[in-house]
Amino acid sequence: MPRPDAESLAVWQAFLEAHARVLERLEREMATQRGLTLVWYEVLLHLSHAPGGRLRMRELANSVLLSRSGLSRRIDAMERAGLVRRESCPSDRRGVFAVLTERGRATLRRAAPVHLSGIHEHFGRHLDPGERAVMKAVFERLAEAADVERRRRRGRSQPLPEGPRSAPGCAPDEPHSIEDAGGRRRP
């Protein structure tokens with residue numbers, strides 16, 4: 001089995017450290033300023049982009065990037081806080097939707113500026129346009145390679161279902177997109 005060289009390991013370690021530190025700062029700011037976790041913010045964001053503000057629980061779990069573990073418990077807590085509600089699927093008795101409430105939508109609107117400002121402060125402003133372009137290309141290539149490998153393991157040649165994917169940097173109530181570090185939107 002091939003092993004990474006020393007330079008690849010150093011890049012990997014730097015990526016992990018930067019990722020952990022930036023997320024920790026974003027998480028702390030969101031908790032301090034808005035009383036939310038980043039996972040709650042991300043769930044609210046995905047629901048805001050979904051038609052009718054609702055997603056099947058399975059689709060929501062597939063779209064969450066930060067933490068998929070314990071999503072059902074998180075939705076329970078968000079439901080108790082009045083941010084989401086669950087609805088049964090009329091055509092599939094086993095299916096359950098998570099639905100964004102008005103309180104959830106208002107909470108997301110108040111939280112978005114904090115999160116977007118944090119992304120700029122702790123990430124975007126430290127990169128010049130050339131670095132952003134390189135990082136974007138590299139991360140897209142890595143994500144595509146992971147998707148190809150996942151399809152190969154599942155024995156599929158067709159693309160994986162995408163579902164509503166948006167990075168937790170996107171603002172609510174805008175067309176589904178991912179915002180790059182330069183503030184540009186892409187589908």
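The values are calculated or read from the model by the stated rules, or taken from the named source; none is laboratory data. Since the structure is predicted, the reported quantities are computational estimates derived from the model, not experimental observations. Please note: Cβ atoms are built from the backbone with ideal geometry, for glycine as well, and neighbour counts cover all protein chains shown.
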### Query
When you go through 187, 172 one by one, which is the residue that is within 26 Å of residue 33 (Cβ to Cβ) and at pLDDT below 85?
172
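Results for (1) at pLDDT below 95; (2) more than 29 Å from residue 121 (Cα to Cα); (3) out of contact with any strand residue (DSSP E or B) (no Cβ under 9 Å at 6 or more places or on another chain), shown as yes or no for each residue.
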site: 18; (1), (2), (3): no, no, yes
site: 22; (1), (2), (3): no, no, yes
site: 27; (1), (2), (3): no, no, yes
site: 39; (1), (2), (3): yes, no, yes
site: 57; (1), (2), (3): yes, yes, no
site: 69; (1), (2), (3): yes, no, yes
site: 82; (1), (2), (3): no, yes, yes
site: 93; (1), (2), (3): yes, yes, yes
### Query
For region 1-119, which fully contained helices (runs of 4 or more DSSP H) count at least 1 residues that are exposed (fewer than 14 other Cβ atoms within 10 Å of the Cβ), of a type in the set (Val, Ile, Thr) and on the phi < 0 side of the Ramachandran plot?
6-34
